[in-house]
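Comments concern the structure below.
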Amino acid sequence: MGTRFGAHLLTLFVLLSVASLFIGAKQLSWEQIAGRSDDALLMLTASRLPRFAALVTTGVGLSICGVILQHIVQNKFVEPATSGGLDAARLGILTALIFAPGAGPTGKMLFALAFCCAANLIFVAIIRRIGMNNTVLVPVVGLMYGSVLSGIAELYAYSKNLVQSMQGWLIGDFSKVIEGNYEILYLIVPVVAVAYLLAHRFTVLGMGDSIATSLGLGYAATAAIGLILVAVTVSASVIAVGAIPFVGLVIPNLVALRCGENLRNTLPLIALSGACLLLACDIVGRLLIYPFEIPIGVTAGGFGGMLFLALIIWKNR
């Protein structure tokens, strides 16, 4: 089943990749590229290929960090958007704008990384302290926690007259991705590699503290590594393209329903599915009001939100 599912995913990925490279406000064609048109080659290399690379790396990273966070918290409805991670990253960027206004993307990412790590640790501590068994209440607490962080960020931004500066990180948007301003997303590549190497550990982590410890796994150390991987992915993606919700929630759940919970087997499928979802949402955003474009944060949020609601209803029917 997994092999057939993977083959279908790979075919879908190839089709979406071709569509992503050729669909846009200015259409490209095979004839233009084969004829080595200067305008076509410039658009392909400076805009379409960087955008494609950014979409794929972001989709892969967000879906994998979502499944890691779900195994740490042992709740299938948790991801950076429902645990305060995205809001903490934005708060970190705002702090960088105030205290280090001359910082480049790397400096802003370090601030976002620190705030995201701290927010993830606090969220995990809250959940472990409360000990909620209801799967729906955990993401509700996370959404409330994220709203508090978002409220602090917005209040601070208004007080420092930085609201306009924060707009670019509120909603995910790939329309401004060009060669030279997205490369920070390549930090996600080693995150994916480490996640795959530790896939078995994260699978055991999802069985619970006592079982993981009895099997000889250092629970705290593995959870800390997972939270760092999540924070790196979230901070890099928010810095480069803005906040994109629900990818890390719906993709792991859909793959788990089809192929099970063993991350060693499902992690490649989760990564490929995340890339396909973002490519599809981006193409839809380009076509809905063509030649204008809807930010991917809107299309992914709308589609992911509907799937999130469907998963909640399905889990509690």
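Could you please tell me which pairs satisfy a Cβ distance under 7 Å, a separation of 6+ or placement on different chains, a first residue in the stretch 278-304 that is in contact (Cβ under 8 Å) with a residue 12 or more places away in the chain and closer than 18 Å to K26 by Cα, and a second residue that is among the aromatic types (F, W, Y) and crowded, with 18+ Cβ neighbours inside 10 Å?
The qualifying pairs are D282/F174.
Looking at G102, G107, which is the one that is over 25 Å from G274 (Cα atoms) and outside any helix (DSSP H, G or I)?
Values: G107 fails: outside any helix (DSSP H, G or I).
Only one candidate passes the filter, namely G102.
On the given criteria, is G218 modelled with pLDDT under 90 and surrounded by fewer than 17 Cβ atoms within 10 Å (Cβ to Cβ)?
Working: modelled with pLDDT under 90: yes; surrounded by fewer than 17 Cβ atoms within 10 Å (Cβ to Cβ): yes.
For G218, the condition - modelled with pLDDT under 90 and surrounded by fewer than 17 Cβ atoms within 10 Å (Cβ to Cβ) - is met.
Under the condition of being buried (at least 24 other Cβ atoms within 10 Å of the Cβ) and small (G, A, S), which residue from the stretch 229-270 is farthest from V18 (Cα to Cα)?
Once the filter is applied, the top-ranked residue is A231.
Looking at (1) over 25 Å from A195 (Cα atoms); (2) surrounded by 14 or more Cβ atoms within 10 Å (Cβ to Cβ), can you tell me which one I289 breaks?
Of the numbered conditions (1) over 25 Å from A195 (Cα atoms); (2) surrounded by 14 or more Cβ atoms within 10 Å (Cβ to Cβ), the odd one out for I289 is (2).
Taking only the stretch 190-215 into account, find how many residues are of a type in the set (A, V, I, L, M, F, W, C), more than 16 Å from G66 (Cβ to Cβ) and modelled with pLDDT under 90.
Qualifying residue count, the stretch 190-215: 5.
Just for the stretch 30-65: of the residues that are modelled with pLDDT of 90 or more and among the β-branched types (V, I, T), which one is farthest from R286 (Cα to Cα)?
For the stretch 30-65, the residue satisfying everything is I64.
Looking at (1) out of contact with any His (no Cβ under 6 Å at 6 or more places or on another chain); (2) crowded, with 22+ Cβ neighbours inside 10 Å; (3) assigned to a helix (DSSP H, G or I), find the lone condition where G172 falls short.
Going through the list (1) out of contact with any His (no Cβ under 6 Å at 6 or more places or on another chain); (2) crowded, with 22+ Cβ neighbours inside 10 Å; (3) assigned to a helix (DSSP H, G or I), G172 breaks only (3).
May I ask you to say which residue of I130, I126, I152 is modelled with pLDDT under 85 and not polar (S, T, N, Q)?
Working: I126 fails: modelled with pLDDT under 85; I152 fails: modelled with pLDDT under 85.
Answer to the check: I130.
The values are calculated or read from the model by the stated rules, or taken from the named source; none is laboratory data. Treat the numbers as computed from the prediction; the structure is a model and nothing was measured. Quick reminder, even Gly has a Cβ in these numbers, built from the backbone with ideal geometry, and neighbours come from all protein chains shown.
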